[in-house]
Amino acid sequence: MKFTVAAVLGFAITALAVPNKGADEPKITQISYHEAKGQCTTGDIYCCNNKHDEKTVGLLNVLDDGLIRNLAGQDDSSCASTSLIKELNLLAFATHGKDDKDSFCKNVIACCPTGGKCEAISN
């Protein structure tokens, strides 16, 4: 009986002593299209990726057609509007849900005013 109590107590102490993985790491939260629209009153919502990650070659080479923009200060980024992403089903940029509340950019979400530079949005 003494051994059983000691074993259970030892196990409980060990379980409590093990550090919680990710406890000190900051939580990264994604902003939905819907939330981003509330923060972007001067332009359209765009999803931005690193240009090296894009696989939009071939028939729909949107990079060469000028349909994709750069994030301000980041020449190696490419940004596509959420409406273009939906129309062309550019899955490299976003995860689509039932509506804008369930749709998220895979990397950076940005506000891009007409004729201006895209600026990243954060919460």
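Only the coordinates and a few stated rules stand behind these numbers; no lab work does. Just so we're clear, the structure is a prediction, and the values are computed from it rather than from any experiment. Cβ placement follows ideal geometry from the backbone for every residue including glycine, while neighbour counts extend to all protein chains displayed.
I want the local charge near C111. Using Cβ-Cβ distances under 11 Å, sum +1 for each Lys or Arg and -1 for each Asp or Glu among the other residues.
Neighbour charge sum, excluding C111 itself: 0.
Count the net charge of all other residues whose Cβ sits under 10 Å from the Cβ of K37, scoring Lys and Arg as +1 and Asp and Glu as -1.
Around K37, the charge tally is -3.
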